[in-house]
Every structure is written in C-alpha cells, then in structure tokens.
Amino acid sequence: MPPERKTLEITIQLSPDCKQLELFGPADSHLRFLCKFFGVQITARQSNLIIRGAQKHVNDAAEVIDNMQKHLAKHHVLTAVDINSFIEQKQPQPGTETGGAITVYSHSKVIKPSTSGQLKYIDTMLANDLTFCTGPAGTGKTYLAVAIGVSMLKQKQIRRIILARPAVEAGEKLGFLPGDIQAKVNPYLRPLFDALEDMMDFAQMRKFIGMDIIEIIPLAFMRGRTLNESVIICDEAQNTSSLQMLMVLTRLGHGSKMIVTGDITQIDLEAPKKSGMVEAIELLRRIKGIGVVELTQKDIVRHRLVQNIVRAYKKRNTKSKARNPKQVQMTKIQN
C-alpha cells in the first residue's frame, strides 16, 4: 500500500491594509487558480487565508501569496500575468535539478536531452557565454540551442532572442528563386521557425516576433549591432567566412549568451574558402568562458535510419579520401 502524502495546514494573516478584493481576484479567481495549479485548498476567513495540502505545494502556494501581497502593496494592482510570473519563479531552472530538462512556454512540453552528448551540450551552454557545437544532422544542435534561449526568455534572464543563418546556396542559386529578398531567404530560416513553434503557440511566437523580442534574420543583418541581454544563435555556421564569423562573434554584448552551431562535414562555401567556424574553434577553444562540444552519430535523435545514412556517407567519404590523398582534408575537431 503506497504511503500517505504528508499534509500540512498553515494560516496566513493578511496585512491590515490588504485589498482583499484585488488580492483574491474577481469572484476569487486568483485563489481558485492557485488551488488548481498547486493542488491545494485555500479558505478565506476574515483576515486570514488557510492553505491545506501536500507540504511542498502548501509552502510554494504560501510563498506566491506573500509575493502577491507585496506586489499589490507596492503597485496597487495585481494581474494574472503577475501571478504567473511569481509561479514561474518557483519552477526549477534548466539543467539543474531536472537532470538537463528545459522548461519552455509550451505547458505540455519539457525538453530533455536524449543522449549524454546532448546533456553535455546543455551544461556547456549554461556554463559559458559562448558555445560552439558541431555535429551531423539530427543531433539537436539548433533545437537545444533554441530551447535554452526560450527558457532564458521565459525566466526573464534575457530580453530577446536573435536567430541568424548565413544565406548560402547548397547547389542552387538564390537569384533563380521567385519573389523578393524576404521570400528568397525565408526557406533558409524555416528550420528556426519550426523549432520555435514546438516551444510556444503560434500566436505567442508571432507576437514576440512583431515586438522584436525574437528576431529571425539572415546573418548579414547583424552587422553593426551590439546585442545586450540576448541569446544569439548562429546556425549553419560552417557556411560562414572568416570575416563573417568575426563579425558575428563581436556582436556579443553585456548579459548575453551566444551559441554557434554547424555541421563541419557539410560546408557549402566555394573552394578554397575556409569555414569561419572551423577557424574560430581552432583559435578560441582554449579561452576561458568559451565552450566547444562535438556531437556525433550516437547523438542523432531523428528517425533511426538517419544514423545509418550518416554512417554510410561518412564511410564512402573516408574511402574516397584514401584513394585521393591530395584531396583537401577536413579539419578534425577534438572534444
């Protein structure tokens, strides 16, 4: 027989000047919301509130009510948004108590690492202001970076998210595509929209984009900017030139975090240009505050066939290079 949950009952004495109508909400809506969220019972008796339920939930609800009282006394108004903010402060931080889990805006979704490599990637992003991550398709390079940015935005640790990609053709020419410049670059930015849509509802995403809280832009649009209190994600960075990468890295402002991702086996730059990402990792990997993570085939979390596809192409390329030793070798990045 399962053990009974330890219950607790505490009484909160409201301050004499407390505006109970505003604190409780219209038709006690604020109290009913807290009851439902924390799974507790709240009873109002004159100038007291009695909270009963599981010990941890009672303590959490009591702390939120205390914050509600303080906010109401200071600002003379209390909204549902304020209460949500107090509740969010009680949620666990990403990458700490939850074993790498990341909380995002979607209430039904908690993003967790699927492999040890992904867990290391999350820990590295949280511990450093600049993180480079390389790895094949399907390892979650972009998705987890976006998740960290969304989580930090939700917790008000930053003010905005900047998502950027170089618009480099992979065997096709932009000029041949129909439409204006926005229509031409949108296909390159689509994967970033897809990641965001998985972490918040569409209306909220469009609202944040409209308010420039979230920017999804071609890399060239970052020139000349200083980005403070932001998470900056440079995706597909293997296709940046040396000058482009230097431009991106020098956008990092106060209170910001930058994550640079790419697959260095899929460089679409015209020869003999060297990837700016490869060069940057070679130059900067030993600087304190800069983290480097290499995800591998073992970290691929897409369809099971993706691992086999990547392995087959890698085997073919290895044989091709062995037959042609004069072929330019890809710089190998060590952990």
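The values are calculated or read from the model by the stated rules, or taken from the named source; none is laboratory data. Computed from a predicted structure; not experimentally measured. Methodologically, a virtual Cβ is constructed for each residue, glycine included, from the backbone with ideal geometry; neighbour enumeration extends over all protein chains shown.
Annotations
- Filtered by the rule that a residue be surrounded by fewer than 24 Cβ atoms within 10 Å (Cβ to Cβ) and touching a helix residue (DSSP H, G or I) at 6+ places or on another chain (Cβ under 8 Å), the range 120-130 gives 126, 130.
- Any hit, the range 278-298, residues being modelled with pLDDT under 95, surrounded by 23 or more Cβ atoms within 10 Å (Cβ to Cβ), assigned to a helix (DSSP H, G or I) and in contact with a helix residue (DSSP H, G or I) (Cβ under 6 Å, 6 or more places away or on another chain): no
- For the range 158-179, the condition of being surrounded by fewer than 17 Cβ atoms within 10 Å (Cβ to Cβ), modelled with pLDDT of 90 or more, closer than 22 Å to residue 291 by Cα and not aliphatic (A, V, I, L, M) holds for none of the residues.
- Residue check for residue 23: under 32 Å from the mean Cα position of the chain (by Cα) and under 16 Å from residue 82 (Cα atoms): no
- Restricting the range 187-231 to residues that are among the hydroxyl-bearing types (Ser, Thr, Tyr) and not in a strand (DSSP E or B), the residue that is surrounded by the most Cβ atoms within 10 Å (Cβ to Cβ): 188
- Pairs with Cβ under 6 Å, 6+ apart, first in the range 254-272 and over 19 Å from residue 143 (Cα atoms), second assigned to a loop (DSSP other than H, G, I, E, B) and among the charged types (D, E, K, R): 255/229
- When restricted to residues that are modelled with pLDDT under 95 and hydrophobic (A, V, I, L, M, F, W, C), the range 250-261 contains 1.
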